[in-house]
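A short write-up of the structure that comes next.
What follows draws every value from the coordinates through simple rules; no lab data is involved. Note that the structure is predicted; figures quoted are calculated from it, not measured. For neighbour counting, all protein chains shown are included, and Cβ atoms are generated from backbone atoms with ideal geometry for every residue, glycine included.
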Amino acid sequence: MVEAATHHVDKNIKNIDFVDIGKSIVARPEFFSFIALVILVVATSFSNENFLTVDNLMNITRQVSITAIIAVGMTFVILTGGIDLSVGAIVALSSTVMAGMITNMGFPFWLASSLAVVAGMLVGLTSGVFIARFALPPIIVTLAMMEIPRGMGLLYTNGYPLPIDRVFGYLGREYVLGIPIPTLMMLAVFAVAYVILNRLPIGRYVYAVGGNEDAAILSGIRTGRIKLMVYAISGVTAGIAGVIQTSRLLSGQPNSAIGMELDAIAAVVLGGTSIAGGRGHIFGTLIGALLLGVLNNSLNMIGLSPYSQRIVKGVILLIAVLFGFLRKPNRK
Amino acid sequence: MLEMKHITKRFPGVLALSDISLTLERGRVHAVVGENGAGKSTLMKVLSGVYKADDGEILIDSKPVQPTNTRESQKLGINIIFQEFSLVPYLNAYENIFLGREIRSPLGLLDRRSMRHKAREALDSLNVHFPLDRAVADLTVAEQQSVEIIKATIFKCDYLVLDEPTATLTPREVEKLFEVINRLKSRDVGCFFISHHLDEIYQIADTVSVLRDGAHVFTGPIGSCNQDELIAKMVGRSVTQAFPPKRRRPVTDAAPLLDVRKLKFHGSDRLSFQIRKGEILGVAGLVGAGRTESFLALIGKDPTEEKEVYLNGKPIALRSPHEALASGIGYLPEDRKKSGLFLPFSIRSNIVISSLGRVKDRFGFVSARKERETSGRYIDRMRIRTTSDLKTVSELSGGNQQKAIIARSLATDCQLLIFDEPTRGIDVGAKAEIYVMLQELAEQGLGIVVISSDLPEVIGVCDRVLVMRYGSIRAELTGPDINSEKIMLYASGGENG
């Protein structure tokens, strides 16, 4: 009854992302996070003159880069309606693999870091096989995969950090054109993810699997492959994060990144991606990760204790999700 | 007596109900008809407190009431059974019936025995029979509906709203439902009966009201106007003939497009049948006859025990819907929302999702231009009514959503399309359009399968009809044999059944 009688197609609208269509910016679920981010930046810059400096902002982006890169893979997984709890453990495994290859085996940096990423991908593929092929719930499979890679890392290093030579700290510590390399890598990962999700058929299939799996199957989409792929991607991004971390810390750390999966999930959710799958945007995830990073940084600058910081973070997460919920048009 | 007076309901940008006044007397059946989007369901949601009217009032026995949720309306004696049931699938019938209103023993524990006993009495009083201990997920749709009806009527119920109760029932089950409604009538329950099936209304209703575009256009005793007049009131124009004329095509001696030599899945016989180019093959049968299951097995969605299929004379494996689609076989599901549409996506994305491989540029990226052109072409061809294909598909009416799914299959260049209940829940006008499209597609040389529980539809559009029962094909009918008597005879197990 609200349909117009004509059925012409609007030819003026070009190249719009295919979900979230017809929604104004204000109606997007990540809008709250964006506003919160702006408010936080403005408020902190008034209260502390050291906040709004190039150095500090660069520092923030480098700090968030590891979480943000993991959150990219997590976005793929959550868009299909899944979840990946294993990413923190993958970071630890990737980190020990890399340090071991360099220190114990004398592999060159490029080979060691590539193998670390491959290790991450293999863990992701393993989760993917159990989830796609045997239809096990992602939360259970990746819960198990939280244990196995970390156990392997601990076993390999006997539980101790495995140091690498200072020369391998370039990737994690240096700058190109004044921008930290981890920040550049983060932007590159986001750019690749954007292209995959928005410009390649396979990206559409990721949304389709989360939007309606039954319909996706009947539309000829090989949903099993898509699921396998997203967990592999999540493994790869966690692997990359492990490489950056190792280079930054100059050691393989089997005990690192504990709880990192929750930060990544928080970034994705703050970024407006629906935890049920099918809706969301990769740039929302960037906003979510930045919000978390700025929050950490500014709360530190304000001088809030780390204990109170956790409370503030939890409250913000709740408000953001509530805000997204209240904005839903079809809410009863 | 239940009265709704001058009910008006606005949604952002839409006047969903405008000044509607309806009356329901106890012990009467009042049918409410209208095309999809006419406002029937909205009106019933106002009545049950799901929506709040912007204007107007509801009176029970001349006393104004204002239910703000279904629980309150239930307390007032108004119960509504929506098209989509609200049963907990893993609980059994009596657990569902007493859900939230459980009978407890003096110790506060569940008194299963009393609940069972009361549920059994209710079943007997309505003369329906099914196991009370089985999870409702394992009951048939008709049985689930009975559970809903008992759940609604076992406590105080003076007025019952049935929203499209017959949409998924077989003719025999519909008869049974009418018997139940008549028993409720004799208990002095008043019923609002919402249906697209006008012939049913003449069997069961005392009064009929017509809504159109949110306005109340007619109320009168059922005898006061005939079916054609009713349709004219619903659509605001006269639709004399819903079915386009069948062109008798000389298709019988053509080599089959799809030759299914052996198809067996769990619980079925070994099926074999053929589909020819340019023909519309109907698949009739009662719910549970294995029609949908057969075709889901055929396209590789569900597992099979035996499968030997030839497409244009060449054997094909059809291990997955992906393979089926790649071979040019498309399946359009009966439940559009559950397995057809991507509700959060735009109309455009819904149309091109199966043919993204065709709208790529030379670098393998999705070309926005080609995508827009494809979507625009099929929106024109299917006459999908929308102002922009970037609207979310959930904003379309049921008929236009179905057209969008058809467009998706057409965009893949299919040679065989399997339609499962193509017009279920679709209004009269859009139905007629879809029938014309089926004919056009067949004339273009596609093979068309129509699985349908709607007998007039099967009879009106199909060139050949397979009748299924209990996982086997009981008859193949052609020409004048395609009539309701024959179909029902084989579907219900007559003649060696």
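What to note about this one:
- Packing here is the average count of other Cβ atoms within 10 Å per residue, and on that basis the peptides A:143-153, B:454-464, highest first, run B:454-464, A:143-153.
- Nonlocal amide H pairs with residue B:20, under 5 Å, H built at 1.01 Å: B:6, B:7, B:8
- Considering only alpha-carbon pairs that sit under 8 angstrom and 6 or more positions apart, the relative contact order computed for chain B is 16 percent.
- On the beta carbon distance between residue B:6 and residue B:172, with R0 = 51 Å, the FRET formula returns roughly 0.80.
- Kirkwood estimate for region A:157-240, i.e. one over the average of 1/r between Cα atoms, Å: 15.7 Å
- In this structure, the pairs whose alpha-carbon distance is over 24 Å, taken from B:5/B:338; B:40/B:337; B:185/B:337, are B:5/B:338; B:185/B:337.
- Mean per-residue shielding of peptide B:387-393 is 6, counting Cβ atoms of other chains within 10 Å of each Cβ.
- Residues whose amide H comes within less than 5 Å of that of residue B:468, counting only those at least five positions distant or on another chain, are B:284, B:285, B:474 (H built at 1.01 Å from N in the peptide plane).
- An ellipsoid equivalent to the protein assembly as shown, defined through the eigenvalues of its Cα gyration tensor, has semi-axes of 53, 34, 27 Å when rounded to whole angstrom and sorted largest first.
- With N as its number of residues, region B:256-491 has a Cα radius of gyration that, divided by 2.2 N^0.38 Å, comes to 1.01.
- Shielding by partners for peptide A:277-284, expressed as the average number of C-beta atoms from other protein chains within 10 Å of each residue's C-beta, is 1.
- Karplus-based coupling profile of region B:461-466, in residue order and whole Hz: 10, 8, 8, 8, 10, 9, with θ = phi - 60° in 6.51 cos²θ - 1.76 cosθ + 1.60 and x standing for Gly or Pro.
- Burial order of peptide ranges B:196-208, A:221-233 (average beta-carbon count within 10 Å, highest first): A:221-233, B:196-208
- Largest-first principal axis extents, alpha carbons of chain B, Å: 69, 52, 47
- Peptide-level mean, for B:349-356, of C-beta atoms on other protein chains within 10 Å: 6
- What the phi angles of region B:335-351 give under the Karplus curve with 6.51, -1.76 and 1.60, with θ = phi - 60°, is a coupling list of 9, 4, 5, 7, 10, x, 9, 9, 4, x, 8, 6, 4, 4, 5, 5, 6 Hz, glycine and proline written as x.
- For residue B:9, the aspartates and glutamates whose Cα comes closer than 20 Å to its Cα, not counting residues fewer than 8 places off in the same chain, are A:3, B:19, B:35, B:54, B:55, B:57, B:72, B:163, B:213, B:395.
- The mean of 1/r over all distinct Cα pairs in region B:2-235, once inverted, gives the Kirkwood hydrodynamic radius of 18.4 Å.
- With K and R counted +1 and D and E -1, the other residues having a Cβ less than 12 Å from that of residue B:227 yield a net charge of -3.
- Take each peptide in A:64-74, B:471-481, A:168-178, count the other Cβ atoms within 10 Å of every residue, and average; sorted highest first, the result is A:64-74, B:471-481, A:168-178.
- Sum of -39500 (n - 2.57) over DSSP H runs of 4+, divided by residues of the protein assembly as shown (222 nm, nearest 500): -14500 deg cm²/dmol
- Charge sum, other residues only, whose C-beta stays under 15 Å from residue B:133's C-beta, Lys/Arg counted +1 and Asp/Glu -1: +3
- Karplus-derived HN-Hα couplings along region B:24-30 (A = 6.51, B = -1.76, C = 1.60, θ = phi - 60°), whole Hz, x at Gly and Pro: 10, 8, 5, x, 10, 10, 10
- Here the calculated FRET efficiency for residue B:326 and residue B:59, from their Cβ-Cβ distance with R0 = 45 Å, stands at 0.15, rounded to the nearest 0.05.
- Shape category assigned to chain A from the gyration tensor of Cα positions, a/c cut at 1.5: oblate
- Sites residue A:47 and residue B:373, calculated FRET efficiency, Cβ-Cβ separation with R0 41 Å, nearest 0.05: 0.15
- Proximal charge balance of residue A:317 [Cβ under 14 Å; K/R count +1, D/E count -1]: 0
- The charge dipole of region B:2-235, taken about its Cα centre with unit charges on the Cβ of Lys, Arg, Asp and Glu (plus for the first two, minus for the last two), comes to roughly 820 debye.
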